[in-house]
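Colleague: One structure, pasted below without further comment.
The values are calculated or read from the model by the stated rules, or taken from the named source; none is laboratory data. Remember, it's a predicted structure, so these values are computed and weren't measured experimentally. Using ideal geometry, Cβ is built from the backbone for each residue, glycine included, and neighbour counts are taken over all protein chains shown.
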Amino acid sequence: MSCLMRLFFILVGVQLMAAASIQFIFDLNAVYHSSDEVFWREFFKELSTRPPFYIMVSGMVLIFIGVCLPRRKR
């Protein structure tokens, strides 16, 4: 894998993780406004069925691919 391809995977993975974390914050804000307290167990159960969780997982996979796959041999 070339250096530019690795850099591309890492940058796309970071962007996906940043977008997912912003969506997590909005979801947490929506849950907090609907009730007085945040029930963390119910919140994480709900988040595992929403797209931000899977966006974050895909970003982590892309970062892992960009960091851990070896460079091509000459």
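Colleague: Restricting the first residue to the stretch 50-74 and requiring it to be touching a residue at least 60 places away in the same chain (Cβ under 8 Å), which pairs with a second residue that is of a type in the set (K, R) meet a Cβ separation below 6 Å and a spacing of at least six or different chains?
Modeller: Pairs found: G66/R6.
Colleague: For the stretch 29-46, check the following and say yes or no: at least one residue is surrounded by 13 or more Cβ atoms within 10 Å (Cβ to Cβ), modelled with pLDDT under 85 and aromatic (F, W, Y).
Modeller: Yes, because at least one residue in the stretch 29-46 is surrounded by 13 or more Cβ atoms within 10 Å (Cβ to Cβ), modelled with pLDDT under 85 and aromatic (F, W, Y).
Colleague: Given (1) in a loop (DSSP other than H, G, I, E, B); (2) at pLDDT 75 or above, where does I10 come up short, assuming only one miss?
Modeller: Single failed check for I10: (1).
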